Amino acid sequence: MKAQQAIETIISYGQECRKAQGQLLSSQKEAVTAALSWFLETQDKEALSQLAQAGVAMRNRCCGPRLAVRGLVEFSSYCGNTCLYCGLNRGNSQAERYRLTKEEILTCASAICKAQIGTMVLQSGEDGTKAEFLEEVLRSVKAAHPNLAITLSVGERRAEDYSRWKTAGADRFLLRIESSDPELYASLHQGRRVETRIQCLDTLQALGYQTGSGLMIGVPGQATSHIVKDLLFFAEKGYDMVGIGPFIPHPDTPFRLEKAGSVDLTLRTVSLARLLLPEAWIPATTALGSMDRDYRLDALMQGANVVMPNFSPDDCKKKYAIYPGKCCISEENTTAPTMLAPLATAAGLTVDTSRADAPRMD
């Protein structure tokens, strides 16, 4: 297969998804499946270089050559799930648990605004936080900082909870799926069904959230066909955000002896996601910054366009240990232009301190 032909096939499929919402002819799906599989498996360095260049060109054309910044606040390390890869899973007796108060979250929000960042991401384990508490937090943050966009990442909840949070001021919601394949998903999450997660994602989109999802590369049992299926799933759903990072084994989980995910394969997947979803916000994930070296610049050179500096209290950063060695633990946050200018410049981008909403919202 020729690289340029494969790139054009992938771009064309993404365009058709946006027009037809995934209702496409099987022949089109077969062609894009072959193209995606080829890029994920090829050893042709020139073809991979073309893929990266295409990802960067697509990002710059559709989103602009800018690096959007989101201030991350991890407000609770409690979780009721038993995900086999995650250090926060309820079966890990070694995990350090904490939960921020409303006042502590407001302090973090103020720090994000002081750093000239237009979006706060409120993330936690699926800890069963009362809907009323988060509603009060949202209203308080919006009252103090009305121009600050808020992204929630708190897992599967009732439609009523999602609705009240949207009314209270939440703008976006990130719900990573990790795998859209029912069997692989079940092998990673005890007592959980992928159908339930997809239903939640559908509800979030119906409520008007800017909606995001994502996957890990290299989880046990994952094959090329799974990654292809996930990429097509994201494109057909038309998500506004897609997070892609490598699997990193945690020493206190059942997957502690498994091999870490491939950085190379992760970077390829970032470019492919960009071609399928030209206007998506795709982060250079913290996981990519936490490997044998920091690969976030590499992700930006593949078409990513978001970074998320961590504004959680310093004593909490190390406790939110979904995987070991998180790069954000030692990073200091001052102002976004100052701390990120070197990274953005190296990638040929400028730092964007605005809300950076989904382009479709314009």
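Would it be correct to say that LEU265 is in contact (Cβ under 8 Å) with a residue 60 or more places away in the chain, open to solvent by 10 Å² or more (accessible area, probe 1.4 Å) and of a type outside the set (Gly, Ala, Ser)?
yes
Out of the helices (runs of 4 or more DSSP H) lying entirely within region 1-107, which hold 1 or more residues that are exposed (fewer than 14 other Cβ atoms within 10 Å of the Cβ) and touching a residue at least 60 places away in the same chain (Cβ under 8 Å)?
Because the criterion is at least 1 residues that are exposed (fewer than 14 other Cβ atoms within 10 Å of the Cβ) and touching a residue at least 60 places away in the same chain (Cβ under 8 Å), the helices (runs of 4 or more DSSP H) in region 1-107 that meet it are 26-41, 45-62.
Of all residues in region 211-220, count the ones that are within 15 Å of the chain's Cα centre (by Cα) and open to solvent by 10 Å² or more (accessible area, probe 1.4 Å).
1
Among SER93, SER77, SER49, which is within 23 Å of the chain's Cα centre (by Cα) and either of a type in the set (S, T, N, Q) or more than 26 Å from ALA299 (Cβ to Cβ) (or both)?
One residue alone meets the criteria, SER77.
Tell me which residues, restricted to region 168-182, are charged (D, E, K, R) and closer than 19 Å to GLU74 by Cβ.
Scanning region 168-182 gives ASP171, ARG172, ARG176, GLU178.
If I ask for residues that are part of a loop (DSSP other than H, G, I, E, B) and open to solvent by 20 Å² or more (accessible area, probe 1.4 Å), which ones from region 235-247 would you list?
GLY238
Just the residues that are open to solvent by 60 Å² or more (accessible area, probe 1.4 Å) and modelled with pLDDT of 90 or more, please, taken from region 347-362.
THR350, ARG355 - these are the residues of region 347-362 that are open to solvent by 60 Å² or more (accessible area, probe 1.4 Å) and modelled with pLDDT of 90 or more.
Quick check on this structure: which one of SER140, SER187 is touching a Gly at 6+ places or on another chain (Cβ under 7 Å) and farther than 21 Å from LYS237 by Cα?
Exactly one residue qualifies, and that residue is SER187.
Within region 9-51, restricting attention to residues that are more than 16 Å from PRO278 (Cβ to Cβ) and among the acidic types (Asp, Glu), which residue is modelled with the lowest pLDDT?
GLU30
Condition check ((1) out of contact with any Phe, Trp or Tyr (no Cβ under 8 Å at 6 or more places or on another chain); (2) of a type in the set (S, T, N, Q)) across all residues:
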{"position": "VAL32", "(1), (2)": "no, no"}
{"position": "TRP38", "(1), (2)": "yes, no"}
{"position": "THR42", "(1), (2)": "yes, yes"}
{"position": "ALA52", "(1), (2)": "yes, no"}
{"position": "MET58", "(1), (2)": "yes, no"}
{"position": "CYS63", "(1), (2)": "no, no"}
{"position": "LEU67", "(1), (2)": "yes, no"}
{"position": "GLU74", "(1), (2)": "no, no"}
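For THR151, all conditions in the list (1) among the β-branched types (Val, Ile, Thr); (2) under 17 Å from GLU103 (Cβ atoms); (3) within 22 Å of the chain's Cα centre (by Cα); (4) crowded, with 21+ Cβ neighbours inside 10 Å hold save one; what is the number of the exception?
Of (1) among the β-branched types (Val, Ile, Thr); (2) under 17 Å from GLU103 (Cβ atoms); (3) within 22 Å of the chain's Cα centre (by Cα); (4) crowded, with 21+ Cβ neighbours inside 10 Å, only one is false for THR151: (2).
Just checking, which of LEU272, LEU277, LEU297 is open to solvent by 10 Å² or more (accessible area, probe 1.4 Å) and either within 20 Å of ALA6 (Cβ to Cβ) or of a type in the set (Ser, Thr, Tyr) (or both)?
Matching residue, one of LEU272, LEU277, LEU297: LEU277.
Name, by its number, the condition in (1) open to solvent by 30 Å² or more (accessible area, probe 1.4 Å); (2) at pLDDT 95 or above; (3) touching a Cys at 6+ places or on another chain (Cβ under 9 Å) that does not hold for THR253.
THR253 satisfies all of (1) open to solvent by 30 Å² or more (accessible area, probe 1.4 Å); (2) at pLDDT 95 or above; (3) touching a Cys at 6+ places or on another chain (Cβ under 9 Å) except (1).
Is it fair to say CYS113 is in contact (Cβ under 8 Å) with a residue 12 or more places away in the chain, more than 23 Å from GLU160 (Cα to Cα) and open to solvent by 10 Å² or more (accessible area, probe 1.4 Å)?
Considered against the rule, which asks whether it is in contact (Cβ under 8 Å) with a residue 12 or more places away in the chain, more than 23 Å from GLU160 (Cα to Cα) and open to solvent by 10 Å² or more (accessible area, probe 1.4 Å), CYS113 comes out as yes.
Restricted to region 154-207, and to residues that are hydroxyl-bearing (Ser, Thr, Tyr) and open to solvent by 20 Å² or more (accessible area, probe 1.4 Å), which residue is nearest to PRO220 (Cα to Cα)?
SER187
The values are calculated or read from the model by the stated rules, or taken from the named source; none is laboratory data. Just so we're clear, the structure is a prediction, and the values are computed from it rather than from any experiment. Cβ atoms come from the backbone with ideal geometry, glycine included; neighbour counts cover every protein chain shown. Only protein heavy atoms, including side chains, enter the accessible area calculation; ligands, DNA and RNA are left aside. Shrake-Rupley method; radii C 1.70, N 1.55, O 1.52, S 1.80 Å.
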